[in-house]
Amino acid sequence: MNEVVLQLNTRALLNYLQKSMGDIDATAAKILRRGTNEGVREAKRAAPKAESTLTNSINGKQVSLSHQQIVAGAHYSAYVEKGTKKGGWVPEQTLMDWLNVKNITPADSEMSMEELVYLIQTKIFYHGTQAQPFMKPAAEHVRKILPATAVRVLKNDLDIRNAKR
């Protein structure tokens, strides 16, 4: 009688899988880290620049091994991303600082900076501000490149581990 016997040592398989979990976690964390870094880079590139406060506030944050976030920490970042509806009043000093950074002065030599600030405040009050998305395009960019990044990292990590064994 010819026969083939297949036997699976489940204990050895479970031990192997348990040892591999650390490798899988490390590789997944590396994929997330690379995606986060790319997302931060893209968000910083797309963010409008006045004083670089917004750009400098964009960072990656590791919540856990399998959870990363891209965060724009400037208190006004949501207003830039989504714009504002009419009705808000921008603080005078905020606009004054922005005008100074942008080197904007009144076209009319008889108008003071304070009057220019008031005109801008009034325009924003009646019309709001236009959205200048930078986080959403970064998220779309990460979604687009992450599969290829994952394949590269997995392939590289598996090749390295296979070479060691």
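If ASP23 meets every condition in (1) without any contact (Cβ under 8 Å) to a residue 60 or more places away in the chain; (2) over 16 Å from VAL142 (Cβ atoms); (3) surrounded by 12 or more Cβ atoms within 10 Å (Cβ to Cβ) apart from one, which number is that one?
Of everything listed in (1) without any contact (Cβ under 8 Å) to a residue 60 or more places away in the chain; (2) over 16 Å from VAL142 (Cβ atoms); (3) surrounded by 12 or more Cβ atoms within 10 Å (Cβ to Cβ), ASP23 misses just condition (1).
I want to confirm something. Restricting to region 112-165 and keeping residues that are among the charged types (D, E, K, R) and more than 30 Å from the chain's Cα centre (by Cα), which single residue is modelled with the lowest pLDDT?
Once the filter is applied, the top-ranked residue is ARG165.
Among the residues of region 111-123, is there at least one that is among the hydrophobic types (A, V, I, L, M, F, W, C), closer than 18 Å to ARG34 by Cβ and touching an Asp or Glu at 6+ places or on another chain (Cβ under 9 Å)?
no
Tell me, yes or no, whether region 79-102 has at least one residue that is assigned to a strand (DSSP E or B), touching a strand residue (DSSP E or B) at 6+ places or on another chain (Cβ under 9 Å) and under 30 Å from ALA150 (Cα atoms).
Within region 79-102, none of the residues are assigned to a strand (DSSP E or B), touching a strand residue (DSSP E or B) at 6+ places or on another chain (Cβ under 9 Å) and under 30 Å from ALA150 (Cα atoms).
Which residue pairs have Cβ atoms closer than 6 Å, lie 6 or more positions apart in sequence or on different chains, and pair a first residue in region 43-55 that is within 13 Å of GLN132 (Cβ to Cβ) with a second residue that is polar (S, T, N, Q) and surrounded by fewer than 18 Cβ atoms within 10 Å (Cβ to Cβ)?
Every condition considered, the pairs that remain are PRO48/GLN132.
Failed condition for LEU158, given (1) under 29 Å from VAL71 (Cβ atoms); (2) out of contact with any Asp or Glu (no Cβ under 8 Å at 6 or more places or on another chain); (3) not β-branched (Val, Ile, Thr), with all others met?
Single failed check for LEU158: (1).
Take the residues in region 129-151 that are among the aliphatic types (A, V, I, L, M) and without any contact (Cβ under 8 Å) to a residue 12 or more places away in the chain; name whichever of them is surrounded by the fewest Cβ atoms within 10 Å (Cβ to Cβ).
In this case the residue turns out to be ALA148.
Scan region 73-91 for residues that are surrounded by 14 or more Cβ atoms within 10 Å (Cβ to Cβ) and either under 14 Å from TYR126 (Cβ atoms) or more than 26 Å from the chain's Cα centre (by Cα) (or both) and jot them down.
THR84, VAL90
How do the pairs read when you match residues in region 90-118 that are farther than 21 Å from TYR76 by Cβ with residues anywhere that are at pLDDT 95 or above, using Cβ under 6 Å and keeping only pairs 6 or more apart or on different chains?
Hits for this filter: PRO106/LEU116.
So, in region 47-68, how many residues would count as being crowded, with 18+ Cβ neighbours inside 10 Å and either part of a helix (DSSP H, G or I) or out of contact with any strand residue (DSSP E or B) (no Cβ under 7 Å at 6 or more places or on another chain) (or both)?
Summing the residues that are crowded, with 18+ Cβ neighbours inside 10 Å and either part of a helix (DSSP H, G or I) or out of contact with any strand residue (DSSP E or B) (no Cβ under 7 Å at 6 or more places or on another chain) (or both) in region 47-68 gives 2.
Residues to consider are GLU115, GLU110, GLU140; find the one that is among the charged types (D, E, K, R) and under 27 Å from SER52 (Cβ atoms).
Within the list GLU115, GLU110, GLU140, the selection yields GLU140.
The values are calculated or read from the model by the stated rules, or taken from the named source; none is laboratory data. Because the structure is a prediction, the values reported are computed rather than measured. Every residue, glycine among them, receives a Cβ derived from its backbone with ideal geometry; neighbour counts consider all protein chains shown.
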